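Undergrad: Before I ask anything, let me first share the structure, which is written out below as structure tokens.
The values are calculated or read from the model by the stated rules, or taken from the named source; none is laboratory data. These numbers were taken from a predicted model, which means no experiment stands behind them. Here the Cβ positions follow ideal geometry from the backbone for every residue, glycine too, while neighbour counts run over all protein chains shown. Just so you know, the surface numbers come from the protein's heavy atoms only, side chains and all, with ligands and any DNA or RNA stripped out. Shrake-Rupley method; radii C 1.70, N 1.55, O 1.52, S 1.80 Å.
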Amino acid sequence: MKRQKSFEKENAKLYLVATPIGNLEDITFRAVKTLNSVDIIYCEDTRTSRKLLDHYKINTKLKSVHLFNENEISQEIIRTVKEGLNVAIISDAGMPVISDPGWIVTKEAIEQDIDIIVVPGASAGISALIASGITAHPFYFAGFLNSKSSKRRQELKELYNREETIVFYESPHRIEETLKILVDIYPNRKITLARELTKLHEEYIRGTAIEILEVVDSIKGEMVVIMEGNSNPIEEHIIELNELTIEEHYKHYIDSGIDHKEALKKVANDRHISKKEVYEKVKK
Ligand code: SAM
């Protein structure tokens with residue numbers, strides 16, 4: 001067990017500082033004060049962060065850290081704090097750690113008894129969630145889904161039974177493909193696509209996947225997808241069965257020893273169709 005009393009000692013600390021997700025004014029007084037007072041700020045893209053710092057006349061030295069070199073840079077950050085310098089980590093936008101660098105260094109710093117101080121602020125997922133109109137708790141944050149379409153489809157399928165509201169980040173290049181997958185798997189779920197939050201072209205598109213797909217050509221910029229959870233979860237294997245043809249689905253039950261009448265009923269229930277519809281397909 002470890003206990004951190006954040007403000008009891010005067011030692012150097014590691015600050016995780018939130019920055020705006022678009023509108024430069026969405027930064028706290030405390031964040032500005034912290035970024036001004038630390039010795040070094042680690043950021044992703046020094047040019048992006050320099051614009052923010054210049055806006056607030058902050059001259060603190062900037063160094064860069066990325067998800068791909070975070071392991072290596074973590075050691076440098078930890079050494080720096082141990083030498084007595086205060087370090088802040090920021091990302092290009094929003095909260096560090098959330099689909100951004102910061103987790104590895106936080107974890108290792110905790111192991112080395114360095115105090116972690118969070119300076120909270122905007123995060124795109126939470127901002128989109130609270131304005132989505134879809135219940136905010138419980139929610140499941142998936143970050144970015146896989147960039148490969150087949151893996152993304154699989155990931156989305158695996159979320160099927162989740163009762164929590166689902167929150168994920170998506171890129172404008174992949175949104176059309178993702179919406180098509182959502183049309184297949186989640187045709188009736190309520191979805192809010194929140195884009196360009198806090199910026200001039202901020203927009204919420206609230207509807208079903210098919211409705212949103214109809215306007216996909218106009219969906220550009222940074223975006224978050226919020227989708228309602230499953231209010232009536234079904235077992236994993238039923239999702240698999242529903243991917244078979246009706247005949248195969250029926251045969252699966254017959255092969256498992258269920259009689260004809262019961263099998264008709266189960267297939268109809270699983271697929272939310274009438275027994276007559278199943279009967280028409282399976283009658284010899
Ligand atoms: N750490 C950030 C946070 O706390 O929100 C997220 C960083 S992640 C690398 C960037 C993704 O967040 C974007 O691709 C987009 O999906 C989402 N995002 C960031 N800013 C946004 C905005 N202003 N409006 C909508 N989505 C945004």
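This table checks each residue for (1) more than 16 Å from the ligand (Cβ to nearest atom); (2) in a strand (DSSP E or B); (3) under 25 Å from Ser132 (Cα atoms); (4) not aliphatic (A, V, I, L, M).
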residue: Lys151; (1), (2), (3), (4): yes, no, no, yes
residue: Tyr160; (1), (2), (3), (4): yes, no, yes, yes
residue: His173; (1), (2), (3), (4): no, no, yes, yes
residue: Ile210; (1), (2), (3), (4): yes, no, yes, no
residue: His249; (1), (2), (3), (4): yes, no, no, yes
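Undergrad: Looking at the structure I just gave you, is Ile98 touching a residue at least 40 places away in the same chain (Cβ under 8 Å), closer than 15 Å to Asp115 by Cβ and either crowded, with 20+ Cβ neighbours inside 10 Å or touching a strand residue (DSSP E or B) at 6+ places or on another chain (Cβ under 9 Å) (or both)?
TA: When the stated conditions are applied, Ile98 does not pass them.
Residue-wise test of (1) out of contact with any Phe, Trp or Tyr (no Cβ under 9 Å at 6 or more places or on another chain); (2) hydrophobic (A, V, I, L, M, F, W, C).
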site	(1), (2)
His249	yes, no
Ile254	yes, yes
Ala263	no, yes
Lys266	no, no
Ser274	yes, no
Glu280	yes, no
Lys284	yes, no
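Undergrad: Moving to a separate point now. Being open to solvent by 60 Å² or more (accessible area, probe 1.4 Å) and either in contact (Cβ under 8 Å) with a residue 24 or more places away in the chain or not charged (D, E, K, R) (or both) narrows it down to one of Thr245, Thr178, so name that one.
TA: Thr245
Undergrad: When you scan region 262-274, do you find a residue that is in contact (Cβ under 8 Å) with a residue 24 or more places away in the chain, in a helix (DSSP H, G or I), under 30 Å from Ala142 (Cα atoms) and touching a strand residue (DSSP E or B) at 6+ places or on another chain (Cβ under 9 Å), even just one?
TA: No, region 262-274 has no match at all.
Undergrad: With the condition kept exactly as written, say whether any residue in region 48-65 is surrounded by 12 or more Cβ atoms within 10 Å (Cβ to Cβ), in a loop (DSSP other than H, G, I, E, B) and at pLDDT below 95.
TA: yes
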